[in-house]
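Visitor: Okay, handing you the structure first.
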Amino acid sequence: MNLDCGGMTVVVVGGTSGINRGIAESFAKCGARVAVASRSQEKVDDTVEGLTALGAEAMGFVADVRDLQAIKNGLANVAQAFGEFDVLISGAAGNFPALANGMSANGFKAVVDIDLLGTFHVLQSAYEHLKKPGASVINISAPQAFLPMVAQSHVCAAKAGVDMITRTFAMEWGPVGVRVNSVVPGPIDGTEGMRRLAPTQELLTLTTHSVPLRRLGRAEDVGNLCLFLSSPMASYVSGAIIPVDGGWSLAGAASMSATLGDLVMQMADGGQ
Ligand code: NAP
Ligand code: COA
């Protein structure tokens with residue numbers, strides 16, 4: 001099934017690696033104009049080059065989602081060049097495994113500021129540029145938003161907040177025809193998130209076996225859900241929190257808590 005995104009403007013904040021870059025590529029392959037943003041000029045340039053090679057009109061800007069003015073300026077430049085946004089994806093995030101007692105307040109704050117406050121900055125700043133009616137806004141969430149995991153207190157708190165932004169903004173923006181949804185990726189192969197949470201082959205194998213569909217996900221799987229959510233087929237879907245995880249969050253994701261917890265506790269004990 002091919003979707004035609006010709007004429008659409010898509011903005012992916014945090015779109016220069018991993019899952020979010022895969023989402024940007026999915027839209028590029030369907031003919032959309034795509035803009036990406038992140039902190040690294042090198043990653044932005046590489047992604048714009050990659051999207052252009054796929055045949056898309058592409059641009060990018062450098063901004064830290066914690067810097068409200070930088071996000072506002074970058075989004076305004078995209079709107080000027082590419083017109084109003086049909087699709088906005090907010091996916092910048094930070095993660096590291098750490099027990100609550102082994103993390104500084106600043107470590108906790110760094111993740112909350114990137115994931116939660118960053119999402120607020122991106123959505124609020126983009127509002128004036130969104131197509132009304134018709135725009136599709138997607139926040140990239142995580143199973144930690146509704147499944148407590150050891151060594152993930154910062155991420156659990158932040159992503160739960162992200163899903164509440166999805167729900168509350170869906171209520172506030174629905175009347176002008178803007179839909180807001182969360183997409184919850186499962187364990188996606190070859191990503192930074194998986195390198196941090198399943199750093200050994202043993203953990204990766206355990207994770208794969210804990211997915212009912214018995215495979216890790218691909219960035220393309222997440223891209224396909226974002227394409228659907230941004231198509232007319234999803235015109236009555238808003239305020240939804242939708243996993244794309246092979247069934248992982250039904251039960252398997254909870255086992256990540258035990259294995260990751262054991263690993264981090266061992267490390268905290270000096271490998272004993
Ligand atoms: P990733 O490759 O590290 O992607 C993170 C992206 O966000 C990069 O483009 C990064 O680029 C950007 N970014 C990070 N901090 C930023 C900041 N402060 N300001 C602006 N941009 C920032 O990670 P990933 O594993 O693919 O994860 C992508 C998303 O999926 C995240 O929201 C994550 O929570 C979610 N997720 C991932 C998995 C998984 O299996 N990997 C599972 C569930 C949910 P720069 O470094 O250049 O800033
Ligand atoms: N364990 C415990 N604390 C950690 C940590 C770890 N593994 N990594 C970072 N921290 C703490 C730091 O010590 C610092 O706290 P301090 O000032 O009290 O020492 C705080 O977190 C901020 O670290 P810093 O490196 O200054 O933050 P940053 O803003 O440059 O980077 C991170 C943010 C820490 C989230 C970084 O890992 C990052 O940029 N991640 C993006 C990529 C990513 O996480 N991808 C996966 C997405 S699922």
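The values are calculated or read from the model by the stated rules, or taken from the named source; none is laboratory data. Just so it is clear, the model here is predicted, and its values are computed rather than measured. So basically every Cβ, Gly included, is an ideal-geometry build from the backbone, and we count neighbours across all protein chains shown. To get the accessible areas, we keep the full protein, side chains included, count just its heavy atoms, and leave off ligands, DNA and RNA. Shrake-Rupley method; radii C 1.70, N 1.55, O 1.52, S 1.80 Å.
Visitor: With each pseudo-label sitting 7 Å past Cα toward Cβ, what's the Glu84-Arg214 distance in nm, one decimal?
Guide: Simple spin-label model gives 4.9 nm for this pair.
Visitor: With a Förster radius of 25 Å, plug the Cβ-Cβ distance of Gln201 and Leu54 into 1/(1 + (r/R0)^6) and report the FRET value to the nearest 0.05.
Guide: 0.20
Visitor: Can you compute the FRET efficiency between Ala251 and Leu117 using 1/(1 + (r/R0)^6), with r the Cβ-Cβ distance and R0 = 35 Å? Round to the nearest 0.05.
Guide: Working from the Cβ atoms, E equals 0.65.
Visitor: Residue separation times 0.36 nm, minus the C-alpha to C-alpha distance between Phe146 and Lys109: what's the value?
Guide: Result: 11.4 nm gained on full extension.
Visitor: Provide the gained length on full extension for the span Glu192 to Tyr236, in nm with one decimal, where the gain is 0.36 nm per separating residue minus the Cα-Cα distance.
Guide: Full-extension gain reported as 12.5 nm.
Visitor: Suppose we flag GluC sites (Glu not before Pro) only when DSSP calls them loop and at most 16 other Cβ atoms lie within 10 Å. Which is the longest uninterrupted stretch of the chain?
Guide: Result, exposed sites excluded: 85-272.
Visitor: Just report the Cα centroid separation between the range 1-47 and the range 98-131, whole Å.
Guide: 21
Visitor: So, for the range 9-268, what is the accessible surface per residue at a probe of 1.4 Å, expressed in square angstrom?
Guide: 43
Visitor: Additional query: List the cysteines in the chain whose Cβ has no other cysteine Cβ under 4.7 Å from it.
Guide: If one checks each Cβ against the other cysteines of the chain, Cys156, Cys226 turn up with nothing under 4.7 Å.
Visitor: Next question. What's the extension gain from Leu99 to Lys132 if we count 0.36 nm per residue and subtract their Cα-Cα distance?
Guide: Taking Leu99 through Lys132 to full extension adds about 7.6 nm, to one decimal.
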